[in-house]
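The values are calculated or read from the model by the stated rules, or taken from the named source; none is laboratory data. Since we're looking at a predicted model, the values are computed, not measured. Note: ideal-geometry Cβ built from the backbone for every residue, glycine included; neighbour counts use all protein chains shown.
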């Protein structure tokens, strides 16, 4: 596998991938801190976001939430239980399948989620141009690396 290195010895694709990872981690750190300042565990924020942001007509079940959060079913149950105790989520019986519960964000959850959504939108508005630039650079370097491998 052939790789192009800069004068300093680093691969330009690795450099832009590192920058992309740094930008993502910066946003995630912002998000985690914002959730904690709002009184939520960061995973609770992600759960509320996935429940509230599910496409229209989607049955928002614990299985759906587990898939979207990348968590095991039992971990998601614990997260939903904690969020329900704190008044952020409500469970209702699924009329189509009484074995499942449908998750809904409560008024309290919507209020907190609304505050977090506004601050996240502002942060992404600032970070967006940086991410777009890095994504473009990744595309350019990946194409160059792919072309070099073919030759």
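Can you confirm whether residue 131 is under 24 Å from residue 39 (Cβ atoms), touching a helix residue (DSSP H, G or I) at 6+ places or on another chain (Cβ under 9 Å) and in a helix (DSSP H, G or I)?
no
If you scan segment 23-63, which residues turn out to be in contact with a strand residue (DSSP E or B) (Cβ under 8 Å, 6 or more places away or on another chain) and assigned to a helix (DSSP H, G or I)?
47, 48, 51, 52, 62
Is there a residue being modelled with pLDDT of 95 or more and either more than 30 Å from residue 26 (Cα to Cα) or in a helix (DSSP H, G or I) (or both) anywhere in segment 141-151?
No, segment 141-151 contains no residue that is modelled with pLDDT of 95 or more and either more than 30 Å from residue 26 (Cα to Cα) or in a helix (DSSP H, G or I) (or both).
Of all the residues that make up segment 48-59, how many are surrounded by 12 or more Cβ atoms within 10 Å (Cβ to Cβ) and modelled with pLDDT of 95 or more?
7
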